[in-house]
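Working notes, structure below.
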Amino acid sequence: MNLKPLLFVLLPATLSAHAQHGVHEHGFGQLNLVLSQQQLVLELHSPAADIVGFEHNPATGEEQAAYDQALQKAQHAAALFTLPASAGCELQQTRHIEQEEHGEHQHEEHDHEHGHTDIQLHYSWQCSQPDALNALDASGLFTQFPGFHRIELQGIVPAGQIAATLTAQQPGANW
């Protein structure tokens, strides 16, 4: 099934959440979930600093290597997310998109008025038993990228909409 119509439904909610959020906040991510028939799609939006450790374009060979390694780690969905084994989900695709943004963003100690980079990561699974897909555990995301303090999950599943705040202490959601 083509998930584009569902993603277009979810996208305005994502943009609204970012607009309400107002500032680029380190340690905060947005995770969108769409489950339709046998397809599961996750989309993670994050400040680059929380994934790669810095926001600017890599300036040295060392930074480029760190950047490449972090993105490889971010694309290893099995290390980040755990789905119920009974759902029979097999990863079909991962990809990332960088978004350069300019303006103010907030650090814990102070504000900056320079540009920053956000990263979007997309994951897609095909599930042989989608009715058994009723939970998501993102503990691996917090383990692999300890800069995350919270992830706001919102989604569309056959039973309706879901929302949860995920943290290292509470990394899972059920529906």
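Quick look at the values:
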| read-out | value |
| --- | --- |
| Hits in segment 159-175 (condition: loosely packed, with under 15 Cβ neighbours inside 10 Å and either modelled with pLDDT of 95 or more or at positive phi (or both)) | G160, Q161, A163, T165, T167, Q169, Q170, G172, N174 |
| Scope segment 133-150; condition closer than 22 Å to S36 by Cα and either open to solvent by less than 30 Å² (accessible area, probe 1.4 Å) or among the hydroxyl-bearing types (S, T, Y) (or both); matching residues | L133, A135, L136, A138 |
| Hits in segment 58-98 - residues which are over 14 Å from F142 (Cα atoms), in contact (Cβ under 8 Å) with a residue 40 or more places away in the chain and surrounded by fewer than 16 Cβ atoms within 10 Å (Cβ to Cβ) | S86, E98 |
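The values are calculated or read from the model by the stated rules, or taken from the named source; none is laboratory data. Quick caveat: nothing in here was measured; it's all calculated off a predicted structure. Ideal geometry is used to build each Cβ from the backbone, glycine not excepted, and the neighbour counts take in all protein chains shown. The protein model used for the area step is the full one, side chains on, heavy atoms only, and it has no ligands, DNA or RNA in it. Shrake-Rupley method; radii C 1.70, N 1.55, O 1.52, S 1.80 Å.
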